[in-house]
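Here, each number is a calculation from the coordinates, and none is a lab measurement. Fair warning: this is a prediction, and the values are worked out from it, not measured in the lab. Positions of Cβ are backbone-derived with ideal geometry, glycine not excepted, and every protein chain shown enters the neighbour counts.
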Amino acid sequence: MHTTTIYDQYHIPNNLRQHMLRVAALARIILDHWIGQKIDDQSIVTCAMYHDIAKPINFDIEKQRQYVATEEEFNEVKRTISEMITKYGTEEHVVAIKIFQEIGCSAETIRLINNLEWIYLPRLLKENDIPALLVNYCDMRIGPKGILPIGMRFADLRERAPFEGIDEIAELTPKLESFIQSNTSIDLNTITDDQINNQIENFE
């Protein structure tokens, strides 16, 4: 099933679609220059493509006004939140796994979404879980408007949406970035929004 069809099926708002597409595009760019051990490219990109598909259940509805252009769009977001909670429940991580199963994701893709939580970074580094580290890294690099240096991304989150353990995770991000950099030939901090947008066009 085509990505846009799946986004439409679950009534995913445009701002959330753009974030997921950017994360997937960043993953694809890094993987296209991969020099590390062989990993399952498709599972990584697919996980990135749908990783926040259950995010609406945790939306602060009033904050969503800033991301929509019309009252009709706003009402659609409210309907999406209500329908998703009614059908799947209120625990985002569990809902994401249910949806991944519904859309026919592979076992490896489901394993990756099950490990896409930034708070798992200490464990993932210890386990040297390369695919999970890569998906988490790509998610960390994409801010609300596009790609950011990882330090700026965490600075933005501290102001806008801090989470428990953010300082511990932020301290580990240089180690994470160094590890990903050692496995790809592209300079991670030279990747641009234009490159990401070009890659998104390849998805469509």
Mind grabbing the base-10 log of I(q)/I(0) for region 3-203 at q = 0.10 Å⁻¹? Debye formula, identical points on the C-alpha positions, no solvent, two decimal places.
-0.41
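With a sphere of radius 12 Å drawn around the Cβ of Ile39, what net charge do the other residues whose Cβ falls strictly inside it have (Lys, Arg +1; Asp, Glu -1)?
Value of the local net charge: -3.
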Return a single number: how many Lys pairs in region 3-203, at a sequence separation of 8 or more or on separate chains, have alpha-carbon atoms below 18 angstrom apart.
10
Please list 37-43, 111-117 highest first by mean number of surrounding beta-carbon atoms within 10 Å per residue.
111-117, 37-43
